[in-house]
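K.L.:
The structure follows.
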Amino acid sequence: MLWRIPADTHVRIGTLPNNFSPVAPPDRLADNESALSDRDSLLSDTDLLGILRKEENAASNYQWSALSQTREDALNYYDREPYGDEQDGASQVVTSEFADVIESIMPGLMRVFTSTDDVAEFTPGAPGEEQWAKEASEYVPHVFMRQNDGFRILYWMIKDALMYRLGAVTVDLEDYTEKRRVPVQGLPQDAIDLVVAQAAEEGAELAMELEQDPAPSVAVDRVTGLPLPPPAPSFSGTITITRKRKRVVADNIAPEDILFTPTARDQDKASFLGFRKRVTASDLIEMGLGQDEVDELRSDRDLSPEEAQRNDGAILNEAERGDLGDSERPLWLVVAYVRADNDGDGVSELLRVVYAHAGGTAGRIVERVEWDGLASIALASPILMSHTIVGRSLFDQTQDLQQIGSVLTRGLLDNLYITNRPRPVISDQVNLDSLIDWVPGSPIRLKAGARPGDNHVAWLQVPNVSGGVGRARIHGNGAREPHQELIARVLAETAIKRLYRLVYRAIKRACAGPMKYWSGKQFANCDPSRWPDEMELSVNVGLGTGSKDQAIQHLALIGTLQEKLIALQGGQADGPYVMPENIANAAQKVTETLGFKTPGLFFQPPDRIAAAVPTTVEPQPAPPPQLDPAVALAMAQIEIAKQSAVADAEIKRLKAQADIEIAQWKARQWAEVERYKAGLKAALDEHELQHKTALRGLDIATGNGGVSS
């Protein structure tokens, strides 16, 4: 740890225990893939190296003898290199049928596998696995396409397969270091101890750059007036947390670096399947080899013709850094899946062996484990051939077409040249220099005494064939849509499906618990540690092989059908035929087909709609049986009569109720009038009584009405 604390400050800082060692990260292999050593295996490393040498030599010989020349020719045809039969003075053009086929089919295939995020769909194998299948269908493409360079990997694999018969991708785990700097301020000692303990539990390393905060002024108790005890010291600065992580890494394998048993009919049945990988001396040191062992290895492996052709400077660059002791000295590593009797029981086990080359042969075993399941290599071939791993490429189908196109185009151009510049027939009276140095429009000089009208110069007339013959622009079956769809289906069911299954298995090996990730629409949760060991999947290639306009037309037809079904279920979007999430799925697919990668900008995702709208639908009553038209008319008339009678009764009831309400209102009004009249009469009587009383009092006061004394 790195501590920056004043020397005169005596504080207790939490430290890691002396016997602490970070928790080892998960092994790069599955739990049931245990490493073996010479002591617990009857098959020694020496014997295993002998098997590997034989298998690799057989695989390399097959590559050089059967496949290398085809790949070299394919690249020459793609780059329109000369055929070698060109003649001086004649057309030497090379047409581009093969390249045109490749470049015309690649956009459709890439649209199939990269236009949407739901290319791979995992299916539950048992009740209760629905949620895991949904998580895998979203997270596995996320790991491959976003965390890896998925577009480039698929592009290279598909193009290698179309051009060279075979493309390949490998999936493995890679250790990496994750560093996170966390600024802290006013962190107490207890919090530091907690951070240290948690880091020790997780196997993380800490680097702390902390300084003690200035001590605050002494506080005084307001009641007693005595000074309060000083607060615990706090620290501010930066804490760097370093964790060892594993991530899934997918990468392409060059066609010439693919190794397999030549007689194998299936890659999973091959006794040897692997690939060469270019590494450096530094990489081997990190894998555990000593410097002396690395120095014994040689990097003088011959480059294949197609490798040198792809990179014109490859041979030159190879010789620039080949000195012993150079950490970037190029070397070669082989990752092989070999079947051998590892425990002496007479039954072959599948071993994953990683070994370094010593001058082109197996030299040092770096890793050796028993492997359970599929070899982590996905091979792709566009045109499958029965009972063999290597199929056919589009070059095999268009090679002769390009040759024919080049021959016809050359003949057409030569014909145009001769038609425009015919060969002359001359007599001995013509000056040859004036014909040899021919500039269009320049005169032909005759010798002295010769006359132009004596036919000393005649021109051979060659028929012009340019009007009836055009350049052979033959694309063959490669440009036909059904053929393209078949290639897409073959790649999907073989290479792409296996590739996503390998990514699934690698995620299972690397994951230690739940995680969050950005799905492109929202943050999503998944827990690959709970997924089953294997899960079936399908690759969606329903759209993409045709044009985008065709896909939009198909989706518009689906929308029309949804509208008709919604009308059939009474105009409600939550009926038995169409649900809200069905409409949301259609809208999302339209948005993705139009090229927008984030449909969430325009529509809510289907799962959110499904969660917001109840999925329980009341059962709809069965439609009544169809009746005879006459019976139906009679029943309708009866129903009309019934409704008329009901309406008349309702009118009479309402009229009677209105009459009663009017009578009640009149009674209330008369009662109110009588009450008002009674009130007025009472008020008048009281006023009259008061008036009489006042008069009587006045008479008494004046003596008019009183008794005399």
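Every read-out reported here was derived from the displayed coordinates using simple, explicitly stated rules and does not represent laboratory data. Fair warning: this is a prediction, and the values are worked out from it, not measured in the lab. Cβ placement follows ideal geometry from the backbone for every residue including glycine, while neighbour counts extend to all protein chains displayed.
K.L.:
Between E211 and W518, how high is the FRET efficiency from 1/(1 + (r/R0)^6) when r is the Cβ-Cβ distance and R₀ = 30 Å? Nearest 0.05. Walk me through the intermediate numbers first.
P.N.:
Numbers: r = 36 Å, r/R0 = 1.20.
Between E211 and W518 the formula returns 0.25.
K.L.:
Another question, if that's okay. With a 10 Å Cβ neighbour count serving as the proxy for reagent exposure, in which order, fewest first, do K159, K652 appear? It would help to have the intermediate numbers written out before the result.
P.N.:
Numbers: K159 19, K652 10.
With the fewest neighbours first, K159, K652 line up as K652, K159.
K.L.:
Additional query: A99 versus Q131, label points 7 Å from Cα toward the beta carbon: distance in nm?
P.N.:
5.5
K.L.:
Counting only other residues whose beta carbon sits under 10 Å from that of H456, what net charge do I get with K and R as +1, D and E as -1?
P.N.:
Local net charge: 0.
K.L.:
Let's test the formula: R0 of 56 Å, r as the Cβ-Cβ distance of D326 and I444. What FRET efficiency results, to the nearest 0.05?
P.N.:
E between D326 and I444, to the nearest 0.05, is 0.20.
K.L.:
Just want the ordering: W459, W64, from fewest to most Cβ atoms lying within 10 Å of their own Cβ.
P.N.:
Ranking W459, W64 by Cβ neighbours within 10 Å, fewest first, gives W459, W64.
K.L.:
Pairwise over distinct Cα atoms, reciprocal of the mean inverse distance: report the Kirkwood radius of segment 150-190 in Å, one decimal place. Show your work: numbers first, answer last.
P.N.:
On the way: mean 1/r = 0.0683 Å⁻¹.
Result for segment 150-190 stands at 14.6 Å.
K.L.:
Ok, one more. Extension gain N464-Y577, at 0.36 nm per residue separation less the Cα-Cα distance, in nm?
P.N.:
33.9 nm
K.L.:
Can you give the FRET efficiency for E178 and T388, using 1/(1 + (r/R0)^6), R0 = 35 Å, r = Cβ-Cβ distance, to the nearest 0.05?
P.N.:
Calculated value: 0.20.
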